[in-house]
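Enquirer: I have a structure I would like to understand better, so I am pasting it below and will then ask my questions one at a time.
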Amino acid sequence: MPPAGLAGLTGYDDPDRVHMLAPHPSCVRSRSFVVVHSSRNPPDDVGDTHPLHTPKRLRLPRALIEMARIARTFDEARGPLAAAVQQRLVRPDDIRSVLARTGPLRFQAQLFAALDDIELGAHSGLELDFLALLREHALPLPALQKYVDAHGVRRLDAFWPAYAVWVEIDGAAHRDDDRWQADLDRHNELSTSGKPLRALRFSGHLLRTGRKRCARQLTAALGLGGWAPV
């Protein structure tokens, strides 16, 4: 299991294998259930390893960076970082400090930018893509993970209070029947709360393949709320 999983990160478990970090170059080789990763920046015994575990175990920030180091794509690299912050296991600043001192790293500049958006409240790859879409089309940035009172406290993926616009981004988890019904209930409650919102919903597929359509619809909704491009 990757050290990040041992630190409590869910969704990235690898229970059938043990991952080891060795200095580069290393004569240690991967064997069956043991996967060896080499690094030119050995872990710092004070900041990178947990003092209460034997054998030594990476702390979560360093474990996340090592996961990013072996990622094949930028999406694979940023996903665990966003998930760890969303699960309240680590702060973006903790990851930044490790990323700064263990480079150079593939996607390093992109990961720094992603951490800025994660700190704003983007807690998934789709939400990070959504912020990129807004910047691409010069649209205003919303409040992320905003809580609004309407028959109880509800969390909104993206909210523009000045323009009364709310966006929900539906990833794979939203396909679950219970989650889908909860989303519908929230939509109905907010729509009948006395402060109607213009609610848009984008699937992950549309967000990645129909970006112009998403931007066009969002521009129209914001315009109805009084926003105008500069």
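Enquirer: Being modelled with pLDDT of 85 or more and surrounded by 14 or more Cβ atoms within 10 Å (Cβ to Cβ), is that true of even one residue in the range 181-189? Write out each step before concluding.
Expert: Here is the first cut: in the range 181-189, the ones modelled with pLDDT of 85 or more are none.
Within the range 181-189 (the criterion being modelled with pLDDT of 85 or more and surrounded by 14 or more Cβ atoms within 10 Å (Cβ to Cβ)), the answer is no, since none of the residues qualifies.
Enquirer: Which of the numbered conditions does ASP177 fail, given that it passes all the others? Conditions: (1) open to solvent by 20 Å² or more (accessible area, probe 1.4 Å); (2) modelled with pLDDT of 85 or more.
Expert: Result: ASP177 fails condition (2) only.
Enquirer: OK, next. Kindly provide the set of residues from the range 69-99 that are open to solvent by less than 70 Å² (accessible area, probe 1.4 Å) and modelled with pLDDT under 90, ordered by number.
Expert: Across the range 69-99, the qualifying residues are ARG69, ALA71.
Enquirer: Tally the residues that are of a type in the set (A, V, I, L, M), in contact (Cβ under 8 Å) with a residue 40 or more places away in the chain and outside any helix (DSSP H, G or I), restricting the search to the range 71-129.
Expert: 3
Enquirer: Taking the stated definitions as given, is LEU120 surrounded by 15 or more Cβ atoms within 10 Å (Cβ to Cβ), modelled with pLDDT of 95 or more and more than 15 Å from ALA63 (Cβ to Cβ)? Step through it out loud before you land on a result.
Expert: Working: surrounded by 15 or more Cβ atoms within 10 Å (Cβ to Cβ): yes; modelled with pLDDT of 95 or more: no; more than 15 Å from ALA63 (Cβ to Cβ): yes.
The answer is no for LEU120.
Enquirer: Something else: In the range 24-42, is there at least one residue being surrounded by 18 or more Cβ atoms within 10 Å (Cβ to Cβ) and either touching a strand residue (DSSP E or B) at 6+ places or on another chain (Cβ under 6 Å) or modelled with pLDDT of 90 or more (or both)?
Expert: No, the range 24-42 contains no residue that is surrounded by 18 or more Cβ atoms within 10 Å (Cβ to Cβ) and either touching a strand residue (DSSP E or B) at 6+ places or on another chain (Cβ under 6 Å) or modelled with pLDDT of 90 or more (or both).
The values are calculated or read from the model by the stated rules, or taken from the named source; none is laboratory data. This is a predicted model, so every value here is computed, not measured. In this analysis, Cβ positions are derived from the backbone assuming ideal geometry, glycine residues included, and neighbour counts consider all displayed protein chains. The area values use the complete protein model at the heavy-atom level, side chains included, leaving out ligands, DNA and RNA. Shrake-Rupley method; radii C 1.70, N 1.55, O 1.52, S 1.80 Å.
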